[in-house]
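Engineer: Below you'll find the structure I mean.
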Amino acid sequence: MHYIHFDSRHRRGSQRSQLIFGLSLIGAGLVYALSAFGILGSLSAWSILPALLAMSGAARIATARHARHIAKGAFHIAIAAWLYVSIEHILGLNFHMTWPVGLILLGMHLVLRGLLRQGKTGTGDRP
């Protein structure tokens, strides 16, 4: 039987990430509660989704132990920015016009992930 052993460095990073994500959820809940009471005006779930995704990316970057964690956090932030622009119609842009950006971001993420993994193992495959 194999046991997974996490050293204290991994636990600290995981705890930090959970703390940041938990605080993000509390913040999102407060925003929705203030909106429900009419203090902030009305919000939809779609308007808060990019913010939660960006906070998730920032938490991943802040707690990164490896370059691939930074890349994944940056990917979350880039997707959040694309979603925000498309949902809020910034500069008149919407999903119909910007969906190729999502494909480009996903492709860049996969290529970068493969390159970072290749540098780690020397083969490009998972160990």
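Engineer: With 69, 10, 96, 76 as the choices, which residue is out of contact with any Pro (no Cβ under 6 Å at 6 or more places or on another chain), at pLDDT below 75 and assigned to a helix (DSSP H, G or I)?
Structural biologist: Details: 69 fails: at pLDDT below 75; 96 fails: at pLDDT below 75; 76 fails: at pLDDT below 75.
Going through 69, 10, 96, 76 in turn, the sole match is 10.
Engineer: Kindly check whether there is at least one residue in segment 54-61 that is modelled with pLDDT of 85 or more and either of a type in the set (Val, Ile, Thr) or surrounded by fewer than 16 Cβ atoms within 10 Å (Cβ to Cβ) (or both).
Structural biologist: yes
Engineer: Still on this structure, I have one more. Among the residues of segment 30-41, is there at least one that is modelled with pLDDT under 70 and either within 25 Å of residue 84 (Cβ to Cβ) or assigned to a helix (DSSP H, G or I) (or both)?
Structural biologist: Residues of segment 30-41 that are modelled with pLDDT under 70, as a first pass: 40-41.
Right, trim to either within 25 Å of residue 84 (Cβ to Cβ) or assigned to a helix (DSSP H, G or I) (or both) and you get 40-41.
Yes.
Engineer: I'd like the full set of residues that are touching a residue at least 40 places away in the same chain (Cβ under 8 Å) and exposed (fewer than 15 other Cβ atoms within 10 Å of the Cβ), limited to segment 72-118. Break it down into steps so the answer makes sense when it comes.
Structural biologist: The initial filter retains those residues of segment 72-118 that are touching a residue at least 40 places away in the same chain (Cβ under 8 Å), namely 72, 87-88, 112-113, 116-117.
Of everything in segment 72-118, those that are touching a residue at least 40 places away in the same chain (Cβ under 8 Å) and exposed (fewer than 15 other Cβ atoms within 10 Å of the Cβ) turn out to be 88, 113.
Engineer: Conditions first: (1) at pLDDT below 85; (2) touching a Lys or Arg at 6+ places or on another chain (Cβ under 8 Å); (3) among the hydrophobic types (A, V, I, L, M, F, W, C). Residue 51 passes all but one, so which condition is the exception?
Structural biologist: So the condition that residue 51 fails would be (2).
The values are calculated or read from the model by the stated rules, or taken from the named source; none is laboratory data. None of these values were measured; they are calculated from a predicted model. So basically every Cβ, Gly included, is an ideal-geometry build from the backbone, and we count neighbours across all protein chains shown.
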